[in-house]
Structures are given as structure tokens and as C-alpha cells.
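Inspection log for the structure reproduced underneath, given as C-alpha cells.
The values are calculated or read from the model by the stated rules, or taken from the named source; none is laboratory data. Note that the structure is predicted; figures quoted are calculated from it, not measured. Here the Cβ positions follow ideal geometry from the backbone for every residue, glycine too, while neighbour counts run over all protein chains shown. We work out accessible area using only protein heavy atoms, side chains counted, and drop any ligands, DNA or RNA first. Shrake-Rupley method; radii C 1.70, N 1.55, O 1.52, S 1.80 Å.
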Amino acid sequence: MTTAQTENLNIAAMDYMPSPREIKAQFPLSDAAARTVLTGRKALCDILDHRDPRLFVVVGPCSIHDPEAGMDYARRLKTLADEVADVMLLVMRVYFEKPRTSVGWKGFINDPHLDDTFRIDEGMAKARRFLMDINDLGLPAATEALDPIAPQYYGDLIAWTAIGARTAESQTHREMSSGLSTPVGFKNGTDGDLSVAINAILSAGSPHSFLGIGNDGQSVILRTRGNRYGHLVLRGGNGQPNYDTVSVALAEQALDKAGIPRNIVVDCSHANSSKNPELQPLVMKDVMHQIREGNRSIVGLMVESFLEAGNQPLTADRSKLRYGCSITDACVNWATTEEMIRNGAQMLRELIDDRISA
């Protein structure tokens, strides 16, 4: 029998990770949070089924790095959400995992202390607590699903899920999406290609069987029913926008050809605004004009927004980080967010009767 080691040659350590059941026991789902999740998911599904004439808006920081500032934002957003609830469903963007083109901070779950200590166990528990607090406010939450294991830890607190441009082509993420309990928005590829997202929607709508983990952390074979609430998110590509009327019409044609319902979400950030947050209000205004002109396929918007405008580098001295300012992609500030949402809501109020009868 050989004594040569042939596995784990590049593994430096294996640290204990609490199971999903253990993390959930620390922060169990409250009745208030459960109502928020279920009400939010139902409203989103009704919008996607075109039974609810409202528009949903996924709005919030590019990423969560400071729970205190995140809750400050959430409380403000809840007030605004109540104000526009007649025509808009506001869902807070709560992104804990960040896909990186090469290297960089990978998000709050991976590195909650922002110092490369990678206390994933602490990050997961803190992320779940943050989501609990937001849902207890009555504000539904959205996130990007990156790690296929993570949804077992906090998926019961999510109302809407995004699959990013870098992972929409991944079979792992398509299979995972087929089993998620939320509607899932698939972004077009970073090069602007729609077929990646459309194929992902088709795949996620079908049943799958794949390896995963159960509530106790053991390996299991997950067998899914398929998720019929997959939809397309236009985020631009190759530095070019794709939210204009021609691009939206082409997206509608592609969805029709694939036999997929005409449900389109426009991401006002990323390539659609050339990564310039100051352009996000113009993107939203253009999209709202399309809706005013009779478009029925645009069901949602995404906006990157935080308390302060822009972004800041993650420096070694964490005490010098500005409160409420992104450490990943640049965002619009709170005042601009309020203006964008209120202007959009006012325009929708003028159209809501037509959208109900359409």
C-alpha cells in the first residue's frame, strides 16, 4: 500500500465551519421576518406573472461591509418603500459575496473584519443576523448567489436572487438556481451576450440533481423541481449599454424565440452607466420613458445606492473609512436615491390604470 500523499497538496488548513442548522439556531427566523420574506416573494412573483402592475426596484449598496451603516440605510429605505408602495416594490440590495475579476476583497461573509483573516464562520453568522434585522423591519432583501453552499445558511431570508454576469454561464449556478425558493434574475454576459442568460433561465427552469449540503452540513444529493421565475437582467456589456428601446426590443425577441415570458429587469449600474454612478438617474429616466410609452416587458430596475456618493479604497487603517460609502463599486447617495425613486413613482402613478388594464 502506497504512503505517498496524492490529495490536499495545496490545502494549508481545514477549519471547522458551523452547519446551517447551527447558524440558524443562533438567529432563528422570526414570525415578522418570515412574513416579510413570504410577502415579498409573492409580490415579486405576481409582478413577474403580470398580475401586479407595480415595478420592483432592487436598490442598495454595491456590497455590505459595515452593518451599522447598512441598517441606517435600511431604515431610510423602509420609510421610502412605504411611501411608494402603491406603485413600486422596493427590495434592498444586500450583497455579501463579491465576484472578483482577479483578486480583491471577496465580501462580508468571506472577510467580515476587512483584514484578510477570512473568518467565514463569523461572517456567515453576522450576515444572517443582518438579514434578520432587515426583514424584521418589514423590508424584503435581495442578494447575489455566488457560493453554492451559502443559500443553505440564509436563503430563508431572501426574497430575490441575482446570478451575476460572470456566473450565469456556470452549470453549478444554473443547477443551484433551479432549487432556490426565490425568483432569480440572470444577468447577460460581460460581453453583452444575451444567450448566456437565456440559456441559464431555461436550465434553471428544469429539474436537476446535484451535490450539495443539508441542514446539518452533511453532503447530500439535492433534487430540484425547477424554478419557473427566472428572468433576464440587462446590465450592458463591453462598455456599451443595452437599456435603450432597440436593445430592449431585441431582448424581447430573444425571449420570445426561447419561449420565455417577457420579463426584463434593467440594471442602471455597471456597463449601462459606464460604471459612472452619476449616470444611473439618466438610465432610470430613460427606462421610465419607455414604460410611459407603453412597454410592458420591463418589470424591474436595479440601482446601486448608499448613504454617501462614490466609493473609497479599502485602506489598512479601517478607522479612516468614510461612514456609509462603498468600498466596492461607486454608488449614488441617499438624496439622489430618494429623487430617483420618487420621480419614478410619480410617473408610474400616472400610468398605473393603463398597466392594470393591459
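Annotations for the structure displayed:
- Summed over qualifying helices (DSSP H, 4 residues or more, each -39500 (n - 2.57)) and divided by its residue number, the chain shows a 222 nm mean residue ellipticity of -11500 deg cm²/dmol.
- Bridges between two residues of region 135-284, per DSSP, are antiparallel at a rate of about 30%.
- Hypothetical label at ARG349: residues of region 77-94 whose amide nitrogen lies under 13 Å (7 Å Cα-Cβ projection): 83-88
- Computed over region 110-198, the Cα gyration tensor eigenvalues convert (square root of 5λ each) into semi-axes of 25, 17, 11 Å, ordered from largest to smallest.
- Quotient of C-alpha Rg and 2.2 N^0.38 Å, computed over region 51-136: 1.24
- Carbon/sulfur fraction of accessible area - the chain, other protein chains in place, 1.4 Å, %: 50 percent
- Cα-derived Rg over Rh, computed across region 1-154 with Rh taken as Kirkwood radius: 1.07
- Over the Cα atoms of region 175-283, the radius of gyration divided by the Kirkwood radius equals 1.07; this is the Rg/Rh ratio.
- 27 Å Cα-Cα reach of LYS78 towards lysines, excluding residues that sit fewer than 8 places from it in its own chain: LYS24, LYS42, LYS98, LYS126, LYS187, LYS275, LYS285
- Per residue, the accessible area of region 145-304 comes to 41 Å², computed with a 1.4 Å probe over protein heavy atoms only.
- Expressed in Å, the radius of gyration and Dmax of the Cα atoms of the chain are 20.1, 78.
- Accessible surface calculations at 1.4 Å, restricted to protein heavy atoms, place region 17-114 at 39 Å² per residue.
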